[in-house]
């Protein structure tokens, strides 16, 4: 009996000790929990910032640089003397040249309680900004706003120009420039027709919730003259990216379709043209691309400069030998950017548009030789390029499948009665037109809108 009582007392003691431990442990843990809660509350009270600068204690003013307004004229309004402004400009040289502060760009001033500028922030573009710390020791540094990139889509049928159609469908017209570069080896963007269409998947960049322009086009379909052209951006493991068609063949070709990025065709290759300067009929064995004075002219393919000179009729010109078959020439430049014997890459600037020689206005006359005979550059068909490396084929097919599904889901907006009537009238008018060597029915594409 005694043993049973002792055993019961021992069990009771263990239970009491355990309960006491749990009870008192809960009291010890409580201050620790409260400490964590307090810490979280302190972290949630992060000071509000603008351009990474706490705004507490400052009055913020945001304005736009006006015409004929300079850094000195701005800062003197905020109690800064010319001596400090001179020090600021000197310290800024290696970071941002204050002489490049331009009208139309925003700036922000942080004013202290005395009304003096403590910080001056200039934004040369929507992403970058330059901070001038004007307190005791002047310092200058550059930074960037956070950029949010989203994937977006757009589709449309061209009624007037690619440029206008993109804009009408809520996309940036700048996408037209990218399309011309993507398809520059396959599609002649100087012969876009009404009824041509496009579907795009592209990146769009946002800063502070506002769109600032398109990023890279990820995939595209372009319908032209009853043929569909597909393009898919694919980046290999080494970080090199390019555009390929649905069969994995690169869209890059030996020659670009035109020597200018932005232009309109003003005169086509023809065996008989009335020369505007000489005042008589003669062959025009080249294609004239009109563009503003000073527009960069690029080599349509890699090669070696065999002539870089000036002559009476050609004005300033450059001639490039690409291989044993092809040679190109670029006339009427305002100035040349390459020398004889120099090797040039495709797309490299070789000169600038002008009107030297026998020319009535700024343009480049683009001439093309095949096996020593001048031919129409725009009529040439070049062999397809090499396909994607087989070791990347599986990864490319995954990208291809994903984008094809997205593009297939895109539809075109229903045409209004006005658009249908306009398209109908356009085709009826063509029935009564007389064919001419220089087909004026060609739509001049997005470049005409840019110019």
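The values are calculated or read from the model by the stated rules, or taken from the named source; none is laboratory data. The model shown is predicted, which means the values in this text are computed figures rather than measured ones. Every residue, glycine as well, gets a Cβ built from its backbone with ideal geometry; the counts of neighbours run over all protein chains shown.
Brief remarks follow.
- Among the residues of region 345-378, those that are within 32 Å of the chain's Cα centre (by Cα) and outside any strand (DSSP E or B) comprise 345, 346, 347, 348, 355, 361, 362, 376, 377, 378.
- Looking across region 75-114, just one residue is touching a helix residue (DSSP H, G or I) at 6+ places or on another chain (Cβ under 7 Å) and loosely packed, with under 14 Cβ neighbours inside 10 Å, and that is 82.
Rundown of residues vs (1) within 18 Å of residue 61 (Cα to Cα); (2) at pLDDT below 95; (3) assigned by TED's automatic domain parsing to the domain that holds residue 63, yes/no style:
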| site | (1), (2), (3) |
| --- | --- |
| 98 | no, yes, yes |
| 108 | yes, no, yes |
| 122 | yes, no, yes |
| 129 | yes, no, yes |
| 135 | yes, yes, yes |
| 159 | no, yes, no |
| 165 | no, yes, no |
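- Residue check for residue 235: assigned by TED's automatic domain parsing to the domain that holds residue 184, in contact with a helix residue (DSSP H, G or I) (Cβ under 8 Å, 6 or more places away or on another chain) and surrounded by fewer than 18 Cβ atoms within 10 Å (Cβ to Cβ): no
- Taken as a whole, the structure leaves residue 317 outside the set of residues that are under 17 Å from residue 370 (Cα atoms) and at pLDDT 95 or above.
- Residues satisfying the stated conditions in region 245-297, i.e. modelled with pLDDT of 70 or more, crowded, with 19+ Cβ neighbours inside 10 Å and in a strand (DSSP E or B): 287, 288, 289, 290, 297
- The single condition among (1) touching a strand residue (DSSP E or B) at 6+ places or on another chain (Cβ under 8 Å); (2) more than 30 Å from residue 407 (Cα to Cα); (3) in contact (Cβ under 8 Å) with a residue 24 or more places away in the chain that residue 152 does not meet is (2).
- Residue tally, condition crowded, with 19+ Cβ neighbours inside 10 Å and more than 13 Å from the chain's Cα centre (by Cα), over region 192-216: 6
- Restricting attention to region 181-198, the residues being touching a helix residue (DSSP H, G or I) at 6+ places or on another chain (Cβ under 7 Å), under 19 Å from residue 291 (Cβ atoms) and not in a strand (DSSP E or B) number 3.
- Of the residues examined, residue 300 is one that is modelled with pLDDT under 95 and crowded, with 19+ Cβ neighbours inside 10 Å.
- Meets criteria (surrounded by fewer than 21 Cβ atoms within 10 Å (Cβ to Cβ) and more than 30 Å from residue 294 (Cα to Cα)) for residue 156: no
- Scanning region 379-409 for residues that are part of a helix (DSSP H, G or I), at pLDDT below 90 and touching a strand residue (DSSP E or B) at 6+ places or on another chain (Cβ under 6 Å) turns up nothing.
- Of the residues making up region 328-373, those that are at pLDDT below 95, touching a strand residue (DSSP E or B) at 6+ places or on another chain (Cβ under 7 Å) and more than 25 Å from residue 292 (Cβ to Cβ) number 2.
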